[in-house]
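Only one structure is covered here, and it is reproduced in the block below.
The values are calculated or read from the model by the stated rules, or taken from the named source; none is laboratory data. The shown structure was predicted, so the numbers you read here are calculated from the model rather than taken from an experiment. Every residue, glycine among them, receives a Cβ derived from its backbone with ideal geometry; neighbour counts consider all protein chains shown. Accessible surface is based on the protein model in full, side chains and every heavy atom, while ligands, DNA and RNA are left aside. Shrake-Rupley method; radii C 1.70, N 1.55, O 1.52, S 1.80 Å.
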Amino acid sequence: MGNDISMVRRASAVALVVALAGCAAREATLDDAPTPYEPEAAAPQTTPADGGEAVALKEDAPLRYVVQKGDTLWGIANKFLKDSWQWPELWYVNPKVANPHLIYPGDELYLYYVDGAPHLAKAGEGPGEGAGQQGGGGGPTPPAEVLPPGGESAFTPTARQMPLDQAIYAVPAEQIRAFLRGPRVIDEDELDDAPYIVDFEEKRLLAAADSVAYVVDIQDESIGRYQVVRRSHEYDDDGDTLGYEVLPVADAEVRKFGGDDGPSTVYLLRSDMEARIGDFLLPVETDPLALRLIPHAPEQEVDGRIISVFNGMSQIGQFQIVTINRGKEQGMETGHVLKVYQTGRKAKDPYALFGGSVQLPDLSAGTLMVFKVGDKVSHALVMSATRAIHIGDKVERPAHSN
């Protein structure tokens, strides 16, 4: 009996040793195996190695996104960033690809990390082998665990054979196209230098579509299409003339250039109203890259105001167009993103003598992106509006989100 108990005990001990050995072997195997890279949907806010501003990703930023038809650069930036104007700090610019900022429907975008900092690249156009070294791809080489699906081969620069006009716009294009055909504010100098109508073929004061007009001061023979406009309201800032609102009158085509010998002959193609002697001509804007802006914050502080709104709305909301009293002279650029602040009200102080009041703080009201810059004024699209925006509201350089 005693011998049987001893045998059972020895067998149990051996089994226990074998089990423990097996567990140890399994632990060693797991410890030695490479751990696949599985980043969180969004990494914590980090500071770029070059000392730039920290990039603040959204908590639900996707690791992979396929660009859809109808997407805008602003909308894509909004999927990844708390502050869309930080796009240049996130986007990888491939020096071996022409127009590296252009993104097309169907492009696959991958979020990856280098030294803890987030980056975004198109599959096939990210930093390749030798990147970051002299003669390399021009950017940091991500370690193997942060490469997108496809590994290093997914970061091999490739040529993009697609027309420029198929690349996505930075902002909804239909609003800006409508703006370019509607009333807008232009610089005083731009209007002073503009050609203007001096007469019509059939001597009259007014003319509609399918009429011939004679125009002086057309200097550039490479420009064949114009928009006829009429000066309306003048805008000033503390007595300094900023520019004039111009109303669209007609579309016109140059049939014969006059040069120094006399007026040019212009044909009115279509008209919104009858053209008059004295109406001005502005070139039609057709630059295919004009709406492919890169959202970014101004380097300098901005202290401006909204002075006009397209179509004269009393309250301004998302995707409406405004004019601000800051232009090239104040360092404005296309793509600049600005915060809008609703001017704080004055509240009556119930205990102050002689009806005193208290100035309430300004309230954040939305975000603008500048798409056209003049010398003294700029035009911007309202990208977001958290409350009603009005003429006179302040525009400032944006601050980082927490």
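Given a Förster distance of 25 angstrom, what is the FRET efficiency for I223 paired with E329, based on the Cβ-Cβ distance and rounded to 0.05? It comes to 0.50.
Entry note: segment 166-207 has Rg to Rh equal to 1.18, where both radii use alpha-carbon atoms and Rh is the Kirkwood radius.
One quarter of the surface of the convex hull around the alpha-carbon atoms of segment 217-368 equals 14.1 nm², the direction-averaged projected area. At the residue level, I294 shows approximately 40 square angstrom of accessible surface with a 1.4 angstrom probe and all protein chains present. Once the gyration tensor of the Cα atoms in segment 328-402 is diagonalised, the equivalent ellipsoid follows with semi-axes of 31, 14, 10 Å, ordered largest first. Quote to one decimal, in nm, the extra length available between E396 and S364 on full extension: 0.36 nm per residue of separation minus the C-alpha distance between them. Extending this stretch completely gives an extra 10.5 nm. Hey, for a label at T343 modelled as a point 7 Å past Cα toward Cβ, could you say which residues of segment 213-253 have their backbone N under 18 Å away? Within reach of a label on T343: 235-240, 242. Summing +1 for each Lys or Arg and -1 for each Asp or Glu among the other residues whose beta-carbon sits under 13 angstrom from that of E329 gives -4. The label-point distance for K79 and V284, in a model that sets each label 7 Å from Cα toward Cβ, rounds to 3.5 nm. Grouping the Cα pair distances of segment 77-124 into 5 Å bins from zero gives a pair-distance distribution of 5, 19, 30, 29, 14, 4 percent in increasing distance order.
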